[in-house]
Amino acid sequence: MLFIWDERNLEYIAEHGISPQEAKEVVVWARRPYPCRLSDVKWIAKGRTMSGRRLQVTYVFGEPEEIDPRLLTVEELAALEAGERIIYVIHSRPLRREER
C-alpha cells in the first residue's frame with residue numbers, strides 16, 4: 001500500500017493527536033471485520049497501533065493519475081509503478097471507550 005500524505009490530511013490527523021505512522025499501522029494490520037466499506041468510496045479500519053493505541057482510520061483509494069509523481073520519493077514512485085494500492089487517509093481519531 002502506498003500512503004499519500006499532504007498538508008490537508010497531515011494537519012487533520014495531527015488535530016486528533018495521531019501520526020501518519022499510527023494511521024498506517026491500523027490500516028496495514030487491520031483484522032476482521034476490518035477494513036470494511038463505509039460508502040462507495042470510503043473505507044474504515046479500527047485497530048491498535050504498535051504502541052497499543054486504539055484508533056479508527058477512514059480512507060479512500062486513490063488513482064495513479066491523481067498523484068503528482070514529482071512529489072513522491074524514489075521508493076514511493078517504485079511502489080506506484082509496481083501497482084500498489086494508493087491510500088489517502090481522510091480521517092483518524094482515537095476510539096472511544098464504548099467502541100473498544
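The values are calculated or read from the model by the stated rules, or taken from the named source; none is laboratory data. These numbers come from a predicted model, not from an experiment. Because the Cβ atoms are built from the backbone with ideal geometry, glycine has one as well, and the counts that use them run over all protein chains shown.
All but one of (1) under 16 Å from LEU55 (Cβ atoms); (2) surrounded by fewer than 14 Cβ atoms within 10 Å (Cβ to Cβ) hold for ALA23; state the number of the condition that does not hold.
All conditions pass for ALA23, except number (2).
Among the residues of region 73-93, write down those that are among the basic types (Lys, Arg) and surrounded by 11 or more Cβ atoms within 10 Å (Cβ to Cβ).
First, the residues of region 73-93 that are among the basic types (Lys, Arg): 85, 93.
Selection gives ARG93 alone.
How many of the residues in region 26-37 are in a helix (DSSP H, G or I) and surrounded by 17 or more Cβ atoms within 10 Å (Cβ to Cβ)? Give the derivation first.
At the first step, the residues of region 26-37 found to be in a helix (DSSP H, G or I) are 26-28.
Subset that is surrounded by 17 or more Cβ atoms within 10 Å (Cβ to Cβ): 26-27.
Final tally of qualifying residues: 2.
Please tell me if ALA14 is surrounded by 10 or more Cβ atoms within 10 Å (Cβ to Cβ), at pLDDT 95 or above, farther than 18 Å from MET1 by Cα and of a type outside the set (D, E, K, R). First the steps, then the outcome.
On the way: surrounded by 10 or more Cβ atoms within 10 Å (Cβ to Cβ): yes; at pLDDT 95 or above: yes; farther than 18 Å from MET1 by Cα: yes; of a type outside the set (D, E, K, R): yes.
Criteria met by ALA14.
Please work out which residue is nearest to ILE87 (Cα to Cα), limiting yourself to region 16-66 and to residues that are small (Gly, Ala, Ser) and touching a Leu at 6+ places or on another chain (Cβ under 8 Å).
To start, the set of residues in region 16-66 that are small (Gly, Ala, Ser) comprises 17, 19, 23, 30, 39, 45, 47, 51-52, 62.
Next, only the ones that are touching a Leu at 6+ places or on another chain (Cβ under 8 Å) stay: 23, 47.
Numbers: ALA23: 11, GLY47: 17 Å.
Filtering first and then ranking leaves ALA23.
When region 38-57 is examined, which residues are found to be part of a loop (DSSP other than H, G, I, E, B) and at negative phi? First the steps, then the outcome.
In the first step, residues of region 38-57 are kept if they are part of a loop (DSSP other than H, G, I, E, B); the result is 38-41, 49-53.
Within region 38-57, LEU38, SER39, ASP40, VAL41, THR49, MET50, SER51, ARG53 meet the criteria.
How many residues does region 32-75 hold that are in contact (Cβ under 8 Å) with a residue 24 or more places away in the chain and either within 18 Å of ARG97 (Cα to Cα) or among the charged types (D, E, K, R) (or both)?
So the count comes out to 9.
Hey, among the residues in region 66-95 that are within 16 Å of the chain's Cα centre (by Cα), assigned to a loop (DSSP other than H, G, I, E, B) and at pLDDT 90 or above, which one's farthest from LEU55 (Cα to Cα)?
In this case the residue turns out to be GLU84.
Here are the criteria: (1) at pLDDT below 95; (2) buried (at least 16 other Cβ atoms within 10 Å of the Cβ). Tell me which single one ILE44 does not satisfy.
Of (1) at pLDDT below 95; (2) buried (at least 16 other Cβ atoms within 10 Å of the Cβ), only one is false for ILE44: (1).
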